[in-house]
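The block underneath contains the structure these notes are about, expressed in structure tokens.
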Amino acid sequence: MKIGLISDTHSFWDDNIPKYFKDCDEIWHAGDIGETGEIIEKLEQVAPTLAVFGNIDTPEFQNIYPEDLFIEREGVKIFMTHIGGKPPSYNPRVRKLIESEKPNVFICGHSHILRAMPDKKRNNLLYLNPGAAGNQGFHKIRTMMRFEINNGRVENLEVIELGKRG
């Protein structure tokens, strides 16, 4: 199963996104979608899309999308939320959920900082933050991720650079 991972679009659409996600089985958006549903609609035209709401998302989005998403794909337990912190400094709410739910992969956005790393204190939980694909924020390069989940493993993790912000 191939996954496209994106976050922090802040209503900005890059026409190259479909090129990178066209072979994906699903697209996951880790929050701060933006002011309209246009981003999700465009992602849905590429592949089925799951999303969580972020801190800039409207009350309408907060009624449509959850704050926390717990799913399982190919034997891998995934937890996605927008604001989570990073290993080992998760925010207290997220730390409790990681400890109780014991996911294999934790995904968040918010920081606009691309990062993929194991959390060795939590049984090598894989931490993923795809950075920011939009123009809002302090990041210099707009980024996303793509990876595969096969037989209980995350494989072939790729970082995709969309170009300079702004």
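The values are calculated or read from the model by the stated rules, or taken from the named source; none is laboratory data. Since the structure is predicted, the reported quantities are computational estimates derived from the model, not experimental observations. Here the Cβ positions follow ideal geometry from the backbone for every residue, glycine too, while neighbour counts run over all protein chains shown. For accessibility, only protein heavy atoms count, side chains too; no ligands or nucleic acids. Shrake-Rupley method; radii C 1.70, N 1.55, O 1.52, S 1.80 Å.
Hey, can you find the accessible area per residue of the stretch 10-153 for me, probe 1.4 Å, expressed in square angstrom?
Values: 7060 Å² over 144 residues.
Accessible area per residue, the stretch 10-153: 49 Å².
Relative to the dominant Cα principal axis of the chain, helix 92-101 is inclined by about 60°. Across the chain, C-alpha contacts under 8 Å between residues 6 or more apart give a mean separation that, scaled by the residue count, equals a relative contact order of 24 percent. Amide H contacts of Ile56 (H built 1.01 Å from N, in plane; Pro and chain starts excluded): Asp32 sit under 5 Å, all sequence-distant by 5 or more or on other chains.
Taken about its Cα centre, the stretch 1-70 carries a charge dipole of about 280 debye when Lys and Arg each add +1 at the Cβ and Asp and Glu each add -1 at the Cβ.
A protection proxy built from the mean count of other Cβ atoms within 10 Å ranks the segments 80-88, 64-72, most packed first, as 80-88, 64-72.
Between Lys19 and Gln62, take the C-beta separation as r, use R0 = 35 Å, and let me know the FRET efficiency to the nearest 0.05. Could the numbers behind the result be given before it?
On the way: r = 31 Å, r/R0 = 0.87.
About 0.70, to the nearest 0.05.
Here the stretch 111-166 is treated as a Stokes sphere of Kirkwood radius computed over C-alpha pairs; at 4 °C and 1.567 mPa s its diffusion coefficient rounds to 105 µm²/s.
Entry note, the chain: the mean residue ellipticity at 222 nm calculated from DSSP H runs of n ≥ 4, each adding -39500 (n - 2.57), is -4500 deg cm²/dmol after division by the residues and rounding to the nearest 500. For the peptides 100-108, 129-137, the ranking by packing is 129-137, 100-108, with the highest mean count of neighbouring Cβ atoms within 10 Å listed first. Considering only C-alpha atoms, what is the centroid distance from the stretch 1-51 to the stretch 61-113, in Å? With the stretch 1-51 and the stretch 61-113 each reduced to a Cα centre, they are spaced 18 Å.
To the nearest 10, the accessible area of Leu50 is 50 Å² with a 1.4 Å probe. How large is the translational diffusion coefficient of the stretch 1-94 in µm² per second when you combine the Kirkwood radius over alpha carbon pairs with Stokes-Einstein at 25 °C and 0.890 mPa s? It diffuses with D of about 178 µm²/s by this estimate.
Solvent-free Debye calculation, one equal scatterer per alpha-carbon of the stretch 20-166: log10 I(q)/I(0) at 0.08 Å⁻¹ equals -0.20.
Annotation: amide H-H contacts under 5 Å for Glu67 (H modelled 1.01 Å from N, sequence separation of 5 or more, or interchain): Phe53.
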